[in-house]
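The next block holds one structure in the form of structure tokens; read it before the comments.
The values are calculated or read from the model by the stated rules, or taken from the named source; none is laboratory data. Only a predicted model underlies this, so the values are computations on that prediction, with no experimental measurement involved. We place every Cβ from the backbone using ideal geometry, glycine too, and count neighbours over all the protein chains shown. Ligands, DNA and RNA are excluded from the accessible area calculation, which covers all protein heavy atoms including side chains. Shrake-Rupley method; radii C 1.70, N 1.55, O 1.52, S 1.80 Å.
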Amino acid sequence: MTTEQLILSKPATDTFCSIELTGSKSESNRALVLNALSSGVVKVRNLSSADDTVVMEKALNTSAAEGIPVVDIGPAGTAMRFLTAFFAVTGREVIITGTDRMKQRPIGILVDALRELGAEIDYTEKDGYPPLKFHRDFKQKSRTIGIKGDVSSQYITALLLVASQLPEGLMLEIEGELTSRPYVEMTLALLQECGISHQWKENAIIIPAQQFSASTITVEPDWSAASYWYSIACLSDKADIQLPWLKKNSLQGDSRISGIMEHFGVKTTFSETGLELSKVSSQIKEDFFDLKDCPDLAQTVIVCSAALGHNATFTGLETLKIKETDRIAALQNELSKIGVLLLEDNGYYHLDSRGLHFPETISVRTYEDHRMAMAFAPLALKIPRLVIEDPKVVGKSYPSFWDDLKKAGFEE
């Protein structure tokens, strides 16, 4: 392995292993904000080891030195959204920036909402995009604000996380359809664990001003990370994969992968200590998938479908173009290397797998996107020599991914 690429193979087409996954990045990042807002009254256990979580924790502990501190969150989109709300309402004078790609990811909707609440935020380069400069002395000017529901649930979560600490609380009116609803529900459930009550009436979420209760959030293992093991189980001839400590009744929207993969012949058996995946069928029972509530599963499910030659249709992928990369374009580019087309048609995405073939070797670009690397890695079950470019990108959410693949019989 070099710093630029990893060559992956899987000599055996059966997979039997037990893998302990890192804590959920989604839960960890929310919990860290609640810990900081509560001045430690809310404790956190089993934090994710993901780069994004490490960046978030460091940023929240930034102390004022001489001049205005600059917080560089790199490619961490969740950290950018959550910290924007945190710094805005806590009156911290700070500048937040990130990678070149981060500077291309829009944040104007969230900034506009925070300005309406009373925050003073400046764009230091291009209007509507990071970097951002925050000013001291937040004074709340409004209790009710509206925000679009179909752009990014992280904007909504960022506002909900800080709502209870606003002098007047917050009434958040969600305009239009809400995408990724489970992520908003996760946020509200974690707030409730910390003693923060809310009301959700039609399109409005109301959180009064209130204090946190002494509590401990125990972060569940990451269902997004689990999704790659579902894909591995599906593409194996036989599989028995143990994933300890995952819960059937999870707060994480990506737990939907268990139901989705039932259609691909992967059975999930839950127990008190976690779950077991087994390959029970090679027959696919579904050809239409709405991923509006779990867009982070899109690359996993689409690549898995393509590798099976399954001409499925997908919808609910609106947010994929503003992620770490344009994930639609990235999928189209890389799937073409195995002869599969992903065709866009007015919000619907159709896989055309008639040209599917598996070369002896292909090289997969990852586009600075952790999910591209991990979604394509299971293709090593079909392609003798799979080259993954920039393999370190997985550190963003699942740093031990390549080591865990070795436990499952993959070879570098």
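Go over the candidates G91, G128 one by one and state the one that is open to solvent by less than 40 Å² (accessible area, probe 1.4 Å) and either in contact with a strand residue (DSSP E or B) (Cβ under 9 Å, 6 or more places away or on another chain) or of a type in the set (V, I, T) (or both).
Just one listed residue meets the conditions, G91.
Filter region 127-153 down to residues that are of a type in the set (D, E) and modelled with pLDDT under 95, then give me how many there are.
Qualifying residue count, region 127-153: 2.
Which of the residues spanning region 108-123 are free of Cβ contacts under 8 Å to residues at least 24 places away in the same chain, assigned to a helix (DSSP H, G or I) and either open to solvent by less than 10 Å² (accessible area, probe 1.4 Å) or not small (G, A, S) (or both)?
Of everything in region 108-123, those that are free of Cβ contacts under 8 Å to residues at least 24 places away in the same chain, assigned to a helix (DSSP H, G or I) and either open to solvent by less than 10 Å² (accessible area, probe 1.4 Å) or not small (G, A, S) (or both) turn out to be D112, R115.
Can you find even one residue in region 187-207 that is under 16 Å from T78 (Cα atoms) and either assigned by the TED database to the domain that holds T325 or surrounded by fewer than 21 Cβ atoms within 10 Å (Cβ to Cβ) (or both)?
No, because not a single residue in region 187-207 is under 16 Å from T78 (Cα atoms) and either assigned by the TED database to the domain that holds T325 or surrounded by fewer than 21 Cβ atoms within 10 Å (Cβ to Cβ) (or both).
If A76 satisfies all but one of (1) in contact with a strand residue (DSSP E or B) (Cβ under 9 Å, 6 or more places away or on another chain); (2) buried (at least 22 other Cβ atoms within 10 Å of the Cβ); (3) closer than 30 Å to L386 by Cβ; (4) among the aliphatic types (A, V, I, L, M), what's the number of the condition it fails?
(1)
Collect the residues in region 260-302 that are under 22 Å from the mean Cα position of the chain (by Cα), free of Cβ contacts under 8 Å to residues at least 40 places away in the same chain and assigned to a loop (DSSP other than H, G, I, E, B), keeping them in residue-number order.
L291, the sole residue that qualifies.
Could you please let me know if A85 is at pLDDT 95 or above, within 25 Å of the chain's Cα centre (by Cα) and under 27 Å from Y398 (Cβ atoms)?
Yes.
Taking M261 and the conditions (1) at pLDDT 95 or above; (2) over 25 Å from D345 (Cα atoms); (3) in contact with a Phe, Trp or Tyr (Cβ under 7 Å, 6 or more places away or on another chain), which numbered condition does it fall short on, given that it satisfies the others?
The one condition M261 does not meet is (2).
Return the only residue of E368, E389 being on the phi > 0 side of the Ramachandran plot, open to solvent by 60 Å² or more (accessible area, probe 1.4 Å) and acidic (D, E).
Values: E389 fails: on the phi > 0 side of the Ramachandran plot.
When all the criteria are applied, what remains is E368.
Name the strands (runs of 3 or more DSSP E) wholly within region 124-234 that hold at least 2 residues that are not aliphatic (A, V, I, L, M)?
Values: elements: 132-134, 144-148, 170-175, 199-201, 204-207, 215-218.
The qualifying strands (runs of 3 or more DSSP E) are 132-134, 144-148, 170-175, 199-201, 215-218.
Looking at D100, is it of a type outside the set (V, I, T), farther than 25 Å from V42 by Cα and open to solvent by 60 Å² or more (accessible area, probe 1.4 Å)?
yes
Being outside any loop (DSSP other than H, G, I, E, B) and either at positive phi or basic (K, R) (or both) is the filter; apply it to region 321-334 and report the residue that is most open to solvent (accessible area, probe 1.4 Å). Outline the logic, then answer.
Here is the first cut: in region 321-334, the residues outside any loop (DSSP other than H, G, I, E, B) are 321-322, 327-334.
Imposing the further condition that a residue be either at positive phi or basic (K, R) (or both) reduces the set to 321, 327.
Values: K321: 83, R327: 2 Å².
Here the answer is K321.
Assuming P167 fulfils every condition listed in (1) touching an Asp or Glu at 6+ places or on another chain (Cβ under 7 Å); (2) exposed (fewer than 15 other Cβ atoms within 10 Å of the Cβ) apart from one, which condition is it?
In the conditions (1) touching an Asp or Glu at 6+ places or on another chain (Cβ under 7 Å); (2) exposed (fewer than 15 other Cβ atoms within 10 Å of the Cβ), P167 misses (1) alone.
Take S180 and tell me if it is within 17 Å of Q252 (Cβ to Cβ), touching a residue at least 12 places away in the same chain (Cβ under 8 Å) and either outside the structural domain of V111 (by the TED database) or not polar (S, T, N, Q) (or both).
no
Please specify each residue of region 245-259 satisfying the condition of being outside any loop (DSSP other than H, G, I, E, B) and buried (at least 20 other Cβ atoms within 10 Å of the Cβ).
Just the residues of region 245-259 that are outside any loop (DSSP other than H, G, I, E, B), to begin with: 253-259.
Within region 245-259, G253, D254, S255, I257, S258 meet the criteria.
Within region 303-320, which residues are open to solvent by 10 Å² or more (accessible area, probe 1.4 Å) and not in a helix (DSSP H, G or I)?
Selection gives L308, G309, H310, N311, T313, T315.
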